[in-house]
Amino acid sequence: MGMGAFIIRRLLMVIPTLIGCTLLIFAVTQMINPYLRASLYITNEKQLARIDDIVKKYGLNDPFWVQYSRWMSELLRGNLGWSYTANQPVATAMMRRFPATLELVLFSAPIIIFLGIYLGVQSAVRRDTWFDHITRSTAIIGWSLPSFWLAMILIAIFYVGLGWFAPHRLGNTASMFVTSTSFIKYTGLNTIDGLLNGQLWITVDALRHLVLPVTVLTVIQIALIIRVMRSSMLETLNKGYIVMARAKGLKNSEVINRHARRNALIPVITLSALLVAGMMTGVVITETVFAINGIGRFAADAAIARGGGVDMAAILGFTLFTAIVFIFANLIVDITYAYLDPRIRLD
Amino acid sequence: MSLKSRWNEFKASIQPRKKELKFMFTRIKKSPLSIVGTAIIVFYIALAILAPVLSPPWPGRDPFMIPRKVYLIAPKPPSPEHIFGTAQGSYDIYYGCIWGTITAFRVGIVVVGISLVIGLIIGTLAGYYGGILDELMMRLTDIFLAFPGLVLCIALVVSLPSNLTIIELGSLKWTLPLGPLDKLLLALAIVGWPSYCRVIRGEVMRIKAEDYIQASRAVGCSDFRVITRHILPNSIYPILIMASLDIGAIVLTAAALSFLGLGSPTGYADWGQLISLSKSYIEASLEYWYTYIIPGLFIFTFVLGWNLLGDAFRDILDPMLRRR
């Protein structure tokens, strides 16, 4: 199978997976009573008062398939329903919150991936030395830390104790300025918008507020990359072509950088893509503890809201968003894989 | 066949496994990290067993609900009466931490158990029979794996009913009442099984291609016999070990959910729950450190113990890395 045919086949497989996802999501909502589900069809606040009509109008007591097709047609028109925790239509709320999450990912993902690969390779090359032991134990410690606990301790030390870094995305003055009319939001990312508006202090302020959450994410997530990179590298170093390369008399650095590392990177690429997708769809805990109004916190707020019952529409919208991000991340991984390793597409 | 020759046959048949086990133990003994891990887990098992002695519950009360004599809102620092202090609402942190050990083991074991059973059944069937059944099962796991675990858990905990109907046939209705913690356990298991299913399927497919499976089919073994006597014994042990070491990761996720307020009810002996009580005090002042540092240390060391063991086992069980 050529690369083109593989991509087309893989793209076609997205359709049944997407349908499966919507089916599963909708099936789960069926466990909830019709009055709560009505919020899925609401587009503005006034309709809240007429829930009974909506239950009747959308036939929320109808059989599953009828309801499912109706919901799908609303979905395809871009109507994701009304979120009462955000007090906005779900689609709008998610668009507004996504930049905060994206900013976190943009700053932490490169550190996690590149530092993780470097430490993993070094750990494998210097197997069973003190460097290997320290890297591995630090990684295991990071992997075992409850993220909310680490975040709380960092806040206690660096905010309450030292007053260096604060929670939230921006300080008071900066967030007032950002919401004013003289500040144009090009991307929603404070660090970049600050530069584009020529307000360097906004960028600096945003960066200061990113230090703690990025630290938490790095400490917690890097362990996985280190571990996979290390074991993949160890496996590769034992392959015949590495022995061959050494026998040819190549320099050690050349063997490691050009022959071993490239081949060992394949599993790490998959992992990195899934990691980034996972972070894009929200780092629920980090966002909650640092009071960052991102997509993960949006979902958590919606799920935990008890006042007027669960915010169904928000959860559903978020779940759908997540599913799509992951399906496409998997798609990209599969295609990269097939490109790097011809055996996969020839299967 | 005489009893003695049978015994000898049995002894011979377990010989390779015994050797394998011995090899594993020598490897574990050589790795200092796994010794630390073992020590931590043994310590927690002791804590769980000794819980009624270390912090006796009030007679006639649910031992998992932290008893309290007074109802003060603000936490109180450690004192002779409450050696770890009290959390918001006068819940004794020491009591919560000790009994929380049992909760942690319960969460880990129940979740691993349920997800393993589901994963084992579905994974084996999919791997062994292949074809359309395999395709269906794998797409199903795709769907589950497409969601980030924590979020799927949140959605499930919220939407699971308090009375789960298992079977409904006319007048025959069998329901299972679900408490808040049960919902959490069930949600974690529903999220957990697809990854085991994948691994088990892979193993089954690998072993299915071996010559001895062909041979056993050729001599007329039924599918059931081939699966239970030939495939599973050759694939299941590493998976069982790896899965049991997931207890740490599961307790970590459960703690995060409890922290968000989705797990056990307020006042339940649960580490994550205890930390969530301190949420409103972190930014206020440093003086309430004991309300989150102490329960957090319990979660951290518990998970660390499992992860240290897990890391050592991963190397030991990996045939590509082990004998070097």
Please list, or write none, the lysines whose alpha carbon is within less than 23 Å of the alpha carbon of A:LYS57, excluding same-chain residues fewer than 8 places away.
A:LYS46
Let me confirm the definition first: pairs of Lys residues in chain B, 8 or more apart or on different chains, C-alpha distance under 16 Å. How many are there?
5
Any chance you could list P(r) for the range B:191-324, counting all Cα-Cα pairs in 10 angstrom bins from zero, rounded to whole %?
10, 27, 24, 17, 13, 6, 2, 0
Measure nothing but the geometry: give the 0 to 90° angle between the long axis through the Cα atoms of B:232-244 and the longest principal axis through the Cα atoms of chain B, rounded to 10°.
10
On C-alpha positions alone, give me the angle between the axis of helix B:149-159 and the longest principal axis of chain B, in degrees, nearest 10.
70
Neighbour-count ranking [beta-carbon atoms within 10 angstrom, fewest first] of B:GLU81, B:GLU210:
B:GLU81, B:GLU210
Hey, how many Å between the Cα centroid of the range A:206-262 and the Cα centroid of the range A:172-204?
37
Where does helix B:32-54 land angle-wise versus the long Cα axis of chain B, in degrees 0 to 90, nearest 10?
60
Rounded to whole Å, give me the distance from the Cα center of the range B:245-324 to that of the range B:86-105.
14
Suppose every K and R has +1 on its Cβ and every D and E has -1 on its Cβ; what is the size of the dipole of the range A:9-83 about the Cα centre, in Debye to the nearest 20?
240
How are the C-alpha pair distances of the protein assembly as shown spread across 20 Å bins, as whole percents from the shortest bin up?
15, 48, 32, 5, 0
In 20 Å bins starting at 0, how do the alpha-carbon pair distances of chain A split up by percent?
24, 49, 25, 2, 0
For A:PHE131 paired with B:ILE241, estimate the spin-label separation in nm (one decimal), with each label point 7 Å from Cα along the Cα-to-Cβ line.
3.0
Taking every pair of Cα atoms in chain B, average 1/r, invert it to obtain the Kirkwood radius, and report Rg/Rh to two decimals.
1.04
Sequence-distant or interchain residues sharing an amide H contact under 5 Å with B:LEU164, placed H: which?
B:LEU176, B:LEU178
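I need to check one value: relative contact order of the range B:1-153, counting alpha carbon pairs closer than 8 Å and at least 6 residues apart, in percent. Intermediate results must be reported in sequence, preceding the final value.
On the way: 81 pairs, mean separation 19.2, N = 153.
Computed value for the range B:1-153: 13 percent relative contact order.
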Scan chain A and report its longest stretch carrying no chymotrypsin sites (Phe, Trp or Tyr not before Pro) that are both in a DSSP loop and have at most 15 other Cβ atoms within 10 Å.
A:1-163
Once the cut-off is 23 Å, how many percent of the Cα-Cα pairs in the range B:122-264 end up in the long-distance tail?
51
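Read the figures in this text as sums done on the coordinates, not as results from a lab. Worth saying up front: this structure is predicted, and the values here are computed from it rather than measured. Glycine gets a Cβ as well: all are built from the backbone with ideal geometry, and neighbour counts include every protein chain shown.
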